[in-house]
Amino acid sequence: MSISLLQELADKDFPVVVDGGDLVDAVHILAIAGHVEARIAKAVRTADGWMNPTATILKITRGGRRMLAMFPPRADGRRRLG
């Protein structure tokens, strides 16, 4: 999911806002790895557990661009794992 998200972000104008637990988690992973600069809202406690509301991706870093060069989008359009 994270590499696929990075590939999707490469075609976007920044900043990009994402919401939903899985997407916010993927942005968090990309930020920890140093592939993007992002602002991630604090998790919110709900009756059902914890929820990550939103993340704002400010830019893809130089390291993220290198990762995109190493893992270009697949020619068949399918997503890569991770």
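Extension gain, ILE32-LYS59: 0.36 nm per intervening residue step, less the Cα-Cα distance, totals 8.3 nm. Each Cα pair under 8 Å and six or more residues apart adds its sequence gap; the mean of these over the residue count of region 2-69 is a relative contact order of 38 percent. With the simple spin-label model, which puts each label point 7 Å out from Cα in the Cβ direction, the ALA10 to ALA75 separation comes to 1.6 nm. The alpha carbons of region 17-64 occupy a box of 40, 16, 13 Å along the principal axes, longest dimension given first.
Every Cα-Cα pair in the chain was counted, and those over 15 Å apart are 55% of them.
Placing +1 on the Cβ of every Lys and Arg and -1 on the Cβ of every Asp and Glu, with no other charges, gives the chain a dipole of roughly 320 debye about its Cα centre. Can you find, among VAL16, ILE3, ALA47, the residue farthest towards the positive end of the dipole of the chain? Put +1 on the C-beta of Lys and Arg, -1 on that of Asp and Glu. Checking the options against the dipole of the chain, the answer is ILE3.
Laboratory data are not the source of any read-out in this text; all were calculated from the coordinates shown. Because the structure is a prediction, the values reported are computed rather than measured. Don't worry about glycine lacking a Cβ; one is built from the backbone with ideal geometry, like all the others, and counts go over all protein chains shown.
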